[in-house]
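One structure is given below, encoded as structure tokens.
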Amino acid sequence: MTEVTDERPVRPDEHPIAPFVRMDRMPHIWCPTCGIGTVVKCYASALAESAVDLDKVSIVSGIGCTGRVAGYMKLDGFHATHGRAIPFATGLKLGRPELLVTVFSGDGDLVGIGGNHFIHAARRNMDLLVILVNNFIYGMTGGQNAATTPLTARSSTMPFGNFERPFNLPHLAASSGATYVARWTSLHIRRLTRSFKEAIRRKGFRFIEVIAPCSTVYARLNKLGDGLDLMRFYYEKAEIRHGADTRQVAIGYQDRIVCGKFVDEEQPTYLDMMHAHYAKALGERYVPMPPEGGWIRE
Amino acid sequence: MKADPAGVLTGTHYLDGDFACGEAAMAAGCRFVAGYPITPSTEIVERIARRFPMIGGIFIQMEDELASMAAVVGASWTGTKSMTVTSGPGFSLMMENIGLAAMMESPCVVVNVQRGGPSTGLPTMVGQADMMQARWGSHGDYSIIALSPSSPQESFDLTIDAFNLAETYRVPVLMMMDECVGHMTEKVVIPPADEIDLVPRKLTTKSPGEYLPYKLNGVLTPEFARAGDGYRFHTTGLTHDERGYPVMSAECQEQCVRHLIDKIKLNADQIVRFEEEGIDGADVVVVTYGITSRVARMGVELARQRGVKVGTLRLVVVWPFPEKRVRQLAQTIKAFVVPEINAGQIVLEVERCAGGKSAAISVPHMGGAVHDPNDICAAIVEAAG
């Protein structure tokens with residue numbers, strides 16, 4: 001028989017990612033079995049293992065459940081308006097290019113209301129690490145249909161099932177010009193952390209989609225069970241196929257989830273292009289912004 | 001602090017209001033501009049796009065005005081002086097992140113070269129119908145500062161002031177130009193850099209451990225920390241406490257929002273600016289701003305020829321509104337006459353402050369052209385009668 005005690009095995013401030021989190025804001029608002037916390041843990045672990053100068057890391061979120069991440073991480077954190085995390089982050093990056101700017105937000109925020117900014121930042125190869133937690137639904141407002149809700153899945157605004165075609169996000173990112181594109185689920189904590197670490201060292205528009213459970217609304221509306229059932233589902237339905245053609249990785253309702261790294265290519269970033277072009281076009285008349293350091297400690 | 005000579009095109013020029021505004025932004029130390037093309041403001045960013053690579057600035061043409069304004073707020077948090085430029089339809093889209101700039105207390109400048117509205121309206125022709133939108137356009141209660149130049153020279157001078165006010169009060173400052181001033185070409189004198197006084201960003205001197213991003217300590221605006229300086233601060237569009245943390249309570253809302261309003265309201269005497277002419281003994285005072293103040297001059301002259309004692313009050317700063325002065329004048333004059341290229345916006349503010357002590361007569365014009373001075377004269381004569 002298990003003995004119940006008040007003692008916790010690990011004190012909150014002893015948690016390995018406590019130094020990365022605003023512990024004075026705990027407990028967070030996320031529901032039990034929500035996947036966002038796991039993704040935050042993986043991102044924090046990636047930072048810890050990447051010799052990153054945390055003073056040079058900014059994190060920007062929009063609005064929604066994942067939109068709260070910027071408020072919980074102990075970094076320069078910006079909680080911007082709904083859909084505008086990417087353009088806000090663009091201003092931060094161009095205002096101070098030495099920063100590692102991470103955009104951490106949800107599917108509704110980044111590709112629903114913010115879809116236009118998403119494709120244009122990818123087109124420019126803007127130097128941003130974009131982490132998108134996709135729970136297939138608008139969680140914070142109570143389960144409305146999203147641009148990612150799979151066909152036939154129920155949402156509160158598609159009570160008889162969704163008949164709108166959803167985005168295939170890796171394909172959207174890749175075809176818009178993203179130079180690093182990966183997808184994992186919140187079950188794949190080691191691979192996801194590795195992917196974050198890799199992307200931190202890349203330049204340009206890096207996009208990582210993380211499929212994460214929303215048991216409070218998405219799973220409840222669709223009678224998919226609890227958090228553990230969703231993790232079991234990921235375990236059974238996730239297929240790792242690195243380098244897969246992104247046209248083939250769309251997600252159907254309760255169908256397979258193709259994971260892996262789909263794109264990883266070196267392309268000049270917006271700032272690289274700008275500097276090279278002005279240096280060529282203007283020669284000595286070009287005065288670049290004063291150079292600063294970077295975010296990797298040498 | 002004096003201007004960096006790199007951005008200052010010292011000399012006597014023949015420039016339109018748009019170019020003068022762009023030159024002033026560069027002289028004021030603006031080094032980040034995000035914008036989306038829209039008539040009649042585009043010349044400002046075209047000027048900047050051509051000159052920025054030579055002075056260490058970055059101009060980016062964003063995908064829309066939502067993004068432009070968001071990028072400006074983001075860049076402001078790196079300590080870079082930032083600006084965007086637009087006209088009516090774009091101004092509507094910017095309202096969302098003007099609210100964010102107000103809430104986060106991010107210094108920035110937004111230029112609106114006003115054209116005729118509503119909707120697409122008259123893209124190439126004059127209007128002044130965004131004056132109330134400037135004050136109230138984003139949802140919720142907040143304060144901004146709005147300036148209205150009446151000449152290319154003043155477009156230059158007020159754009160410098162706009163950046164200084166943005167830094168002093170940590171607010172978005174709105175340059176409410178109009179198409180006529182934007183496209184009017186006149187002599188513009190740009191002074192030497194060492195004659196241009198600039199207000200630098202008020203960076204905190206506290207250590208990261210003791211810094212609180214929204215702590216006031218009895219001062220006007222909180223101290224600023226730039227992204228990337230090790231403060232690891234948080235800022236949000238949510239109602240927040242002095243740590244910058246969201247707090248969902250009526251008490252915090254009271255404190256947070258009241259501060260946004262009070263920092264302008266309680267300092268209105270320092271911010272308000274107007275020019276008066278012929279006020280002593282006047283029966284009628286014509287209240288004007290922007291291009292209309294120049295058109296009204298002839299109306300005033302015509303009325304004087306007909307024996308009316310009429311003075312003028314030209315608003316240089318429109319928001320905050322010169323409440324005290326209008327209240328004072330209302331005690332002694334018969335009427336205010338307010339010609340505007342809109343259906344009557346600032347006249348409502350004049351009427352409110354006049355409080356029934358004197359009349360406030362609107363001379364509306366729906367836009368596309370300036371007033372006929374005879375119409376302004378007729379309103380003055382009727383008001384005096």
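The values are calculated or read from the model by the stated rules, or taken from the named source; none is laboratory data. If you're wondering where the values come from, they're calculated on a predicted model, not measured in any experiment. Counting neighbours? That spans all protein chains shown, and the Cβs are built from the backbone with ideal geometry, glycine included.
Do the conditions hold for B:Pro222, that is, is it within 14 Å of chain A (Cβ to nearest Cβ) and either over 21 Å from B:Trp319 (Cα atoms) or part of a loop (DSSP other than H, G, I, E, B) (or both)?
Details: within 14 Å of chain A (Cβ to nearest Cβ): no; either over 21 Å from B:Trp319 (Cα atoms) or part of a loop (DSSP other than H, G, I, E, B) (or both): yes.
No, not satisfied.
Any idea which of A:Tyr234, A:Tyr278, A:Tyr286, A:Tyr270 is within 21 Å of the chain's Cα centre (by Cα), surrounded by 13 or more Cβ atoms within 10 Å (Cβ to Cβ) and within 14 Å of chain B (Cβ to nearest Cβ)? Can you show your working first?
Working: A:Tyr234 fails: within 14 Å of chain B (Cβ to nearest Cβ); A:Tyr278 fails: within 21 Å of the chain's Cα centre (by Cα); A:Tyr286 fails: within 21 Å of the chain's Cα centre (by Cα).
Unique residue meeting the criteria: A:Tyr270.
Going through the stretch A:101-118 one residue at a time, which ones are away from chain B (no Cβ under 12 Å) and surrounded by fewer than 24 Cβ atoms within 10 Å (Cβ to Cβ)?
A:Gly112
Hey, among the residues in the stretch B:141-198 that are of a type in the set (S, T, N, Q) and in a helix (DSSP H, G or I), which one's farthest from B:Asn342 (Cα to Cα)? Break it down stepwise before answering.
Narrowing the stretch B:141-198 to residues of a type in the set (S, T, N, Q): B:143, B:148, B:150-151, B:153, B:155, B:159, B:164, B:168, B:185.
Next, from what is left, pick out any that are in a helix (DSSP H, G or I): B:153, B:155, B:159, B:164, B:168.
Working: B:Gln153: 24, B:Ser155: 21, B:Thr159: 24, B:Asn164: 29, B:Thr168: 31 Å.
Within the stretch B:141-198, the match that is farthest from B:Asn342 (Cα to Cα) is B:Thr168.
Of the residues in the stretch A:71-83, how many are farther than 18 Å from B:Thr80 by Cβ and within 7 Å of another protein chain (Cβ to nearest Cβ)?
From the stretch A:71-83, those farther than 18 Å from B:Thr80 by Cβ are A:71-75, A:77, A:79, A:81-83; that's our starting set.
Those left that are additionally within 7 Å of another protein chain (Cβ to nearest Cβ): A:71, A:74-75, A:77, A:79, A:81.
Going through the stretch A:71-83 one residue at a time, the tally reaches 6.
For residues in the stretch B:258-285 being within 21 Å of the chain's Cα centre (by Cα) and part of a strand (DSSP E or B), which is nearest to B:Ser143 (Cα to Cα)?
Going through the qualifying residues, I end up with B:Phe274.
Tell me the residue from A:Ala153, A:Ala121 that is surrounded by 24 or more Cβ atoms within 10 Å (Cβ to Cβ) and in contact (Cβ under 8 Å) with a residue 60 or more places away in the chain, please.
Numbers: A:Ala153 fails: surrounded by 24 or more Cβ atoms within 10 Å (Cβ to Cβ).
Of the residues listed, the single one that is surrounded by 24 or more Cβ atoms within 10 Å (Cβ to Cβ) and in contact (Cβ under 8 Å) with a residue 60 or more places away in the chain is A:Ala121.
Between B:Val350, B:Val308, which is outside any loop (DSSP other than H, G, I, E, B) and at pLDDT 95 or above?
On the way: B:Val308 fails: outside any loop (DSSP other than H, G, I, E, B).
Of the residues listed, the single one that is outside any loop (DSSP other than H, G, I, E, B) and at pLDDT 95 or above is B:Val350.
Kindly indicate whether any position in the stretch B:96-105 is buried (at least 24 other Cβ atoms within 10 Å of the Cβ), in contact (Cβ under 8 Å) with a residue 60 or more places away in the chain and more than 14 Å from chain A (Cβ to nearest Cβ).
No; the residues of the stretch B:96-105 include none that is buried (at least 24 other Cβ atoms within 10 Å of the Cβ), in contact (Cβ under 8 Å) with a residue 60 or more places away in the chain and more than 14 Å from chain A (Cβ to nearest Cβ).
Could you tell me which of the residues B:Ile279, B:Ile261 is under 21 Å from B:Val337 (Cβ atoms) and either surrounded by fewer than 19 Cβ atoms within 10 Å (Cβ to Cβ) or modelled with pLDDT under 95 (or both)?
Working: B:Ile261 fails: under 21 Å from B:Val337 (Cβ atoms).
It is B:Ile279.
Can you tell which of B:Gly22, B:Gly29 is more than 9 Å from chain A (Cβ to nearest Cβ), in a loop (DSSP other than H, G, I, E, B) and buried (at least 22 other Cβ atoms within 10 Å of the Cβ)?
Working: B:Gly22 fails: in a loop (DSSP other than H, G, I, E, B).
The conditions single out B:Gly29.
Considering the stretch A:84-100 alone, what residues qualify as being under 18 Å from the mean Cα position of the chain (by Cα) and facing chain B (nearest Cβ under 7 Å)? Working first, answer last.
Here is the first cut: in the stretch A:84-100, the ones under 18 Å from the mean Cα position of the chain (by Cα) are A:84-90, A:92-93, A:99-100.
Matches in the stretch A:84-100: A:Arg84, A:Pro87, A:Phe88, A:Ala89, A:Thr90, A:Leu92, A:Leu99.
Checking the condition farther than 24 Å from A:Thr269 by Cα, touching a Pro at 6+ places or on another chain (Cβ under 9 Å) and in a helix (DSSP H, G or I), which residue from A:Tyr234, A:Tyr253, A:Tyr218 passes? Break it down stepwise before answering.
Numbers: A:Tyr253 fails: in a helix (DSSP H, G or I); A:Tyr218 fails: touching a Pro at 6+ places or on another chain (Cβ under 9 Å).
Unique residue meeting the criteria: A:Tyr234.
Checking B:Val72 against (1) under 19 Å from B:Met177 (Cβ atoms); (2) more than 7 Å from every other protein chain (Cβ to nearest Cβ); (3) touching a helix residue (DSSP H, G or I) at 6+ places or on another chain (Cβ under 8 Å); (4) surrounded by 24 or more Cβ atoms within 10 Å (Cβ to Cβ), only one condition comes out false. Which one?
(2)
Mind counting the residues in the stretch B:39-60 that are free of Cβ contacts under 8 Å to residues at least 60 places away in the same chain and more than 12 Å from chain A (Cβ to nearest Cβ)? Talk me through it step by step, then tell me what you get.
In the first step, residues of the stretch B:39-60 are kept if they are free of Cβ contacts under 8 Å to residues at least 60 places away in the same chain; the result is B:42, B:45-60.
Cutting the leftovers down to more than 12 Å from chain A (Cβ to nearest Cβ) gives us B:42, B:45-48.
Count: 5.
Can you name the number of the only condition in (1) out of contact with any helix residue (DSSP H, G or I) (no Cβ under 6 Å at 6 or more places or on another chain); (2) closer than 25 Å to B:Thr39 by Cβ; (3) assigned to a loop (DSSP other than H, G, I, E, B) that B:Pro213 fails?
The one condition B:Pro213 does not meet is (2).
Given the options A:Thr141, A:Thr193, name the one that is within 28 Å of B:Gly74 (Cβ to Cβ), crowded, with 18+ Cβ neighbours inside 10 Å and hydroxyl-bearing (Ser, Thr, Tyr). Reasoning before the result, please.
Values: A:Thr141 fails: crowded, with 18+ Cβ neighbours inside 10 Å.
Residue meeting the stated conditions: A:Thr193.
Between residues in the stretch B:189-200 that are surrounded by 15 or more Cβ atoms within 10 Å (Cβ to Cβ) and residues that are aromatic (Phe, Trp, Tyr), which pairs lie under 8 Å by C-beta distance while being six or more apart or on different chains?
Listed by first residue and then by second, the contacts come to B:Ile190/B:Phe156; B:Leu198/B:Phe163; B:Val199/B:Phe163.
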